[in-house]
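Q: Have a look at this one before I ask anything.
The values are calculated or read from the model by the stated rules, or taken from the named source; none is laboratory data. Remember, predicted model here, so these are calculated numbers, not experimental data. Virtual Cβ from ideal backbone geometry, glycine too; neighbours counted across all protein chains shown. Keep in mind that these areas ignore ligands, DNA and RNA; they rest on the heavy atoms of the full protein, side chains included. Shrake-Rupley method; radii C 1.70, N 1.55, O 1.52, S 1.80 Å.
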Amino acid sequence: MLKVTRFAHDQFPELQTHWTALQSGPEMTVFQSFQWFELVNEHFSRERLSRAVVRAVYYLVSDEQDTPVLIAPLRVHLLRLSPHHRRGVPLLG
């Protein structure tokens, strides 16, 4: 059975160990690395949009042995601000 754990924007550094284990796969690119998402996360935290409107969340999926299977970096839009910022949950980064 798979286990899903939610991490808020400010908990991002806690994902480094899990992310590093996943990014060592043969098909991974720099855009899937922890360092890349560290930059994305830093940029996201500087955005002028209120945290009440847009939030970054990360979901870690692990197997029975707590081995990471995937990390889903998501950007949650709670309100529609413009045609480019619709309500929804697109991937972050």
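Q: Can you run down the residue pairs with Cβ atoms below 7 Å, 6 or more apart or on separate chains, where the first is in the stretch 1-23 and closer than 16 Å to L92 by Cβ and the partner is among the small types (G, A, S) and not in a loop (DSSP other than H, G, I, E, B)?
A: Listed pairs, sorted by first residue: H9/S45; H9/A56.
Q: Please go through the stretch 9-20 and give me each residue that is exposed (fewer than 12 other Cβ atoms within 10 Å of the Cβ) and modelled with pLDDT under 90, ordered by number.
A: Matches in the stretch 9-20: D10 only.
Q: Separate question: Quickly run through the stretch 22-46 and pick out the residues that are farther than 16 Å from R75 by Cβ and open to solvent by less than 60 Å² (accessible area, probe 1.4 Å).
A: L22, Q23, G25, S33, F34, listed by residue number.
Q: Condition first: touching a strand residue (DSSP E or B) at 6+ places or on another chain (Cβ under 9 Å), closer than 21 Å to T17 by Cβ, modelled with pLDDT of 75 or more and not charged (D, E, K, R). Can you find one or more residues in the stretch 76-93 that meet it?
A: no
Q: D63 passes all but one of (1) at pLDDT 90 or above; (2) open to solvent by 80 Å² or more (accessible area, probe 1.4 Å); which number fails?
A: Unmet condition: (2).
Q: Right, something else. Inside the stretch 20-34, can you point out the residues that are in contact with a helix residue (DSSP H, G or I) (Cβ under 6 Å, 6 or more places away or on another chain) and among the aromatic types (F, W, Y)?
A: Residue satisfying the conditions is F34 alone.
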